[in-house]
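I have placed the structure first, in the form of structure tokens, so that the comments after it can refer back to it.
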Amino acid sequence: MRWTRILLPILVFILALGTAQAQGPTPSGASAGGVGCASVKTDSATGAIRQLTDCGTVDTRRDPETVARGILGGLAPQLGLQRDGRDLALNTVRQTDVATHVRFQQMHKGVPVYLGEVLVQYTTQGKAQWVLNQTIPNLDLDVTPRIEESQARAIATAAAPDAARLRAPATAALVAYAADIAPQLAWRILLPTA
């Protein structure tokens, strides 16, 4: 089955634009000592923290989400996230014999951030091994769409060559989209074509 994905950054952003800003660079304290981790890797273009390693120890007797949120809570200001974790929704938990991996989806005012995820890994011995961060720090975006879902679906359907032959119903979701552009509000339309 071939899937035609139309994320509409070009077709619909023109109509669904919201004003967005990532409010400045990553907060101060982005050094390894500043965040309590042995090493910190940042995005050279934005200064956002992208990877942290060796971030202390945790109590593995608690549930994985609580453990991971505890790790992130202490790092939230440096990552540009809310300290209380309300901008992160649990996505998946995967446990192996040696480590637990907890993945969160970044949310902004109830809207998922496209590709905005944080992955936390800690060992069964309680070592907080690393945090991989692909979130948009300090996101400030109006989440009121300027076009309706039905309009976005119509634009996507008109742009897809095989839209008349869908194998399943099209899906639509409002997302904050920022892949190589300033954050924008967009409709993510998935058209499963023949």
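The values are calculated or read from the model by the stated rules, or taken from the named source; none is laboratory data. Worth saying up front: this structure is predicted, and the values here are computed from it rather than measured. Neighbour counts run over all protein chains shown; Cβ positions are idealised from the backbone, glycine included. Calculation scope for accessible area: heavy atoms of the full protein, side chains included, ligands and nucleic acids excluded. Shrake-Rupley method; radii C 1.70, N 1.55, O 1.52, S 1.80 Å.
Among (1) more than 18 Å from the chain's Cα centre (by Cα); (2) modelled with pLDDT of 90 or more; (3) within 21 Å of W187 (Cα to Cα), there is one condition R5 misses while meeting the rest; what is its number?
With respect to (1) more than 18 Å from the chain's Cα centre (by Cα); (2) modelled with pLDDT of 90 or more; (3) within 21 Å of W187 (Cα to Cα), R5 is out only on (2).
Go through the range 115-152 and report how many residues are in a loop (DSSP other than H, G, I, E, B), at negative phi and open to solvent by less than 40 Å² (accessible area, probe 1.4 Å). Walk me through how you get there before you give the answer.
Within the range 115-152, the subset in a loop (DSSP other than H, G, I, E, B) is 124-126, 134-138, 142-148.
If we keep only those that are at negative phi too, we end up with 124-125, 134-137, 142-148.
Those left that are additionally open to solvent by less than 40 Å² (accessible area, probe 1.4 Å): 135-137, 143, 147.
Residues in the range 115-152 being in a loop (DSSP other than H, G, I, E, B), at negative phi and open to solvent by less than 40 Å² (accessible area, probe 1.4 Å): 5 in total.
Being part of a loop (DSSP other than H, G, I, E, B) and without any contact (Cβ under 8 Å) to a residue 40 or more places away in the chain is the requirement here; does R103 meet it? Before the answer, list the steps.
On the way: part of a loop (DSSP other than H, G, I, E, B): no; without any contact (Cβ under 8 Å) to a residue 40 or more places away in the chain: yes.
Judged against the criteria, R103 is not a match.
Looking at D59, D87 in this structure, which one is surrounded by fewer than 18 Cβ atoms within 10 Å (Cβ to Cβ) and modelled with pLDDT of 90 or more? Let's see the steps before the verdict.
Numbers: D87 fails: surrounded by fewer than 18 Cβ atoms within 10 Å (Cβ to Cβ).
Sole residue among the options that is surrounded by fewer than 18 Cβ atoms within 10 Å (Cβ to Cβ) and modelled with pLDDT of 90 or more: D59.
Can you list residue pairs whose Cβ atoms sit under 7 Å apart, with the first residue in the range 73-97 being free of Cβ contacts under 8 Å to residues at least 12 places away in the same chain and the second being basic (K, R) and outside any loop (DSSP other than H, G, I, E, B)? Count only pairs 6 or more apart in sequence or on different chains.
Qualifying pairs under 7 Å: T92/R103.
Which pairs do you get when a residue that is free of Cβ contacts under 8 Å to residues at least 24 places away in the same chain, found in the range 118-131, comes within reach of a residue that is among the aromatic types (F, W, Y) and open to solvent by 20 Å² or more (accessible area, probe 1.4 Å), reach meaning Cβ atoms under 7 angstrom, with the pair 6+ apart or on two chains?
From the range 118-131, the pairs are Q121/W130.
In the range 153-160, is there at least one residue being under 30 Å from D54 (Cα atoms) and either open to solvent by less than 70 Å² (accessible area, probe 1.4 Å) or of a type in the set (A, V, I, L, M) (or both)? I'd like the intermediate steps shown before the answer.
Pass one, the range 153-160, residues under 30 Å from D54 (Cα atoms): none.
No: the range 153-160 contains no residue that is under 30 Å from D54 (Cα atoms) and either open to solvent by less than 70 Å² (accessible area, probe 1.4 Å) or of a type in the set (A, V, I, L, M) (or both).
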